[in-house]
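In what follows, a single structure is set out as structure tokens and then discussed.
The values are calculated or read from the model by the stated rules, or taken from the named source; none is laboratory data. Note that this is a predicted model, so its numbers are computed, not measured. Methodologically, a virtual Cβ is constructed for each residue, glycine included, from the backbone with ideal geometry; neighbour enumeration extends over all protein chains shown. Quick note on the areas: whole protein, heavy atoms, side chains included, nothing else; ligands and nucleic acids left out. Shrake-Rupley method; radii C 1.70, N 1.55, O 1.52, S 1.80 Å.
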Amino acid sequence: MKAGVAAGEITADVAIIGAGPAGLTAGYLLAKAGKKVVIIEKDAHYVGGISRTVEHEGYRFDIGGHRFFSKSQAVVDLWNEILPDDFIQRPRMSRIYYEGKFYSYPLRAFEALRNLGLWRSSLCMLSYLQYKLFPIREVKSFEDWTTNQFGKKLYSIFFKTYTEKVWGMPCNEMSADWAAQRIKGLSLWGAVVDGVKRSLGLNKRPNDGQAVKTLLETFRYPRLGPGMMWDAARDRIVEMGGQVIMGHGLKQLADDGQGGWRMTATGPDGDIVIRADHAISSAPMRELAARLHPLPATTLEASQLKYRDFLTVALMICSEDLFPDNWIYIHDSQVQVGRVQNFRSWSPEMVPDQSIACVGLEYFCFEGDGLWSSTDEALIEQAKREMAILGLCDPADVVGGAVVRQEKAYPVYDEDYAANVAAMRAELEERFPSLHLVGRNGMHRYNNQDHAMMTAMLTVENILAGQRVYDTWCVNEDAEYHEAGDEGEQAKLPAREAAITPDQAAALASVRDVPTRVSDGEKGAPRKAA
């Protein structure tokens, strides 16, 4: 511990900002290793961040839908260790809604032909052949790339509307590089062949013959929602002597001049101060930069980082069940909702009354825009109207509703984000080696839950080793974890095997990108179809 701790200050080995998956994973592993940890969380009631489970009159809502799947056995083992007896195996079912009809996702060829009709199906195939024979030569945007892959007709049906709802920008302004990453491994011919096999029941489980990871047919899930995992992690941390202080947001994180930190957090009863040797932050980089003392030279770059926000309108409806899907993608421009979750299909225990269905309508927005600023009552009424437009329920059958807002759900990858993140990262690593950034917002990266956990797991290894053995920024970047150190020299964990395990390498295989904008110069470039 550092000298000079004032009376009333809390002392710790590690102070952690944020009780989401990354912060709680770090706290749990550090406490298990005998370190004293203190975690601050600005939410007064819930841990888990975007992976929390919100409860309203006995109904539980998952904020976005969180399947517990990872290629990393280390992550799976940690889930099982923290929550050993409460996982259930659930069937995965999702469909696409378009013009009043439902399409299985992944597509089933015969079903798609029937829904689209012979004439439209023929037009889709002709459009596909047109762009295979005469593709767009200068591929700049998501629209260009997807049109070349699937044809203009299928692009407009199955990609355009939903993608623009999620990201809040036109598809012709999104980077083609993102499209290639997002849809890699999928082709129209492959989808048709697989769809025929599915229609004829020829695919094999557990993945129905599909190699693409997003098409897994079953998944594990905590019986009371993902928040059950993070509630258990919090409880285990406290049992091991750690502290999780709720309702306290970061006010200042100050360098104490001795290589450690003096953290001030604000709560309903005033400020608390925590002194620690190390600090771990899962707070948004923009917010962290504004609260660091001394202010980083890259505060301006951090202030330019942007986020996409998200809200769920949960409706309780008089019906045993409305549809069997876990979620439905809404490819319909008549409504603003982007996706509809069916919470009973995630877990029957999420819904306490078997005569009531509970669904969550998901809206993608920016904090402060019309949707975000609407009252809860107005949002519930809008959700009821849109469910009627979609033909999913009669508004008269709705007996209750609730709204859950999630700020900074998705880090925005605009044309400047990479340079801004790199500048702040470089400065903090050079000036403050005992400050560690983890998680989705902490690193401004669109991480999966298991990726966020892995950044925390490797950060813990670095703290325990007393040096930066692992480069945590390689998580969700390449096909393997990279060890940090001087060029030509590999650092090794003391008393640990430093070689990268196959499990660690596998954990990085599911890269999750977000769209970047086409540059101004490219947007104005002429396009050639032949």
Subset of the range 16-29 [open to solvent by 10 Å² or more (accessible area, probe 1.4 Å) and either over 15 Å from LEU435 (Cβ atoms) or at pLDDT below 95 (or both)]
GLY20, PRO21, LEU29
Please state which of the following conditions GLU377 fails to meet, knowing it meets all the rest: (1) surrounded by fewer than 19 Cβ atoms within 10 Å (Cβ to Cβ); (2) modelled with pLDDT of 95 or more; (3) touching an Asp or Glu at 6+ places or on another chain (Cβ under 9 Å).
(3)
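For the range 329-344, which residues satisfy the criterion of being of a type in the set (A, V, I, L, M) and either in contact with a Cys (Cβ under 7 Å, 6 or more places away or on another chain) or part of a loop (DSSP other than H, G, I, E, B) (or both)?
In the first step, residues of the range 329-344 are kept if they are of a type in the set (A, V, I, L, M); the result is 330, 335, 337, 340.
Of everything in the range 329-344, those that are of a type in the set (A, V, I, L, M) and either in contact with a Cys (Cβ under 7 Å, 6 or more places away or on another chain) or part of a loop (DSSP other than H, G, I, E, B) (or both) turn out to be VAL335, VAL337.
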Scanning the range 135-180 residue by residue, those part of a helix (DSSP H, G or I), among the small types (Gly, Ala, Ser) and open to solvent by less than 20 Å² (accessible area, probe 1.4 Å) turn out to be ALA176, ALA179
Kindly check whether there is at least one residue in the range 201-214 that is at pLDDT below 95, surrounded by fewer than 15 Cβ atoms within 10 Å (Cβ to Cβ), farther than 26 Å from PHE68 by Cα and among the β-branched types (Val, Ile, Thr).
no
Candidate set: the range 407-444, residues that are at pLDDT below 95, assigned to a strand (DSSP E or B) and of a type outside the set (Ser, Thr, Tyr); chosen: the one nearest to the chain's Cα centre (by Cα)
ALA409
I'm trying to understand the selection: among the residues of the range 428-442, which are closer than 17 Å to ASP255 by Cβ and open to solvent by 20 Å² or more (accessible area, probe 1.4 Å)?
GLU429, GLU430, ARG431, PRO433, HIS436
Can you tell me which residues in the range 41-67 are open to solvent by 10 Å² or more (accessible area, probe 1.4 Å), among the aromatic types (Phe, Trp, Tyr) and over 21 Å from ILE280 (Cα atoms)?
TYR59
If you scan the range 290-325, which residues turn out to be under 27 Å from LEU464 (Cβ atoms) and of a type in the set (A, V, I, L, M, F, W, C)?
LEU292
Only residues that are open to solvent by 50 Å² or more (accessible area, probe 1.4 Å) and within 30 Å of ALA302 (Cβ to Cβ): list them for the range 380-416, please.
ARG405, GLU407, GLU415, ASP416
Quick check, is TRP189 among the aromatic types (Phe, Trp, Tyr) and either modelled with pLDDT of 85 or more or under 22 Å from the mean Cα position of the chain (by Cα) (or both)?
no
Of the candidates ASP77, ASP13, the one satisfying the condition of being free of Cβ contacts under 8 Å to residues at least 60 places away in the same chain, more than 22 Å from ASP309 (Cβ to Cβ) and either open to solvent by 10 Å² or more (accessible area, probe 1.4 Å) or β-branched (Val, Ile, Thr) (or both) is ASP77
Looking at (1) at pLDDT 95 or above; (2) touching a strand residue (DSSP E or B) at 6+ places or on another chain (Cβ under 7 Å); (3) surrounded by fewer than 18 Cβ atoms within 10 Å (Cβ to Cβ); (4) farther than 29 Å from GLN406 by Cα, can you tell me which one LYS32 breaks?
(2)
Verdict on HIS45 being touching a residue at least 24 places away in the same chain (Cβ under 8 Å), farther than 25 Å from ILE272 by Cα, not in a helix (DSSP H, G or I) and not charged (D, E, K, R):
no
Among the residues of the range 111-134, write down those that are farther than 14 Å from GLY151 by Cβ, within 36 Å of the chain's Cα centre (by Cα) and open to solvent by 80 Å² or more (accessible area, probe 1.4 Å).
LEU113, ARG114
Do we find a residue being under 21 Å from ALA409 (Cβ atoms), among the hydrophobic types (A, V, I, L, M, F, W, C) and open to solvent by 20 Å² or more (accessible area, probe 1.4 Å) anywhere in the range 278-298?
yes
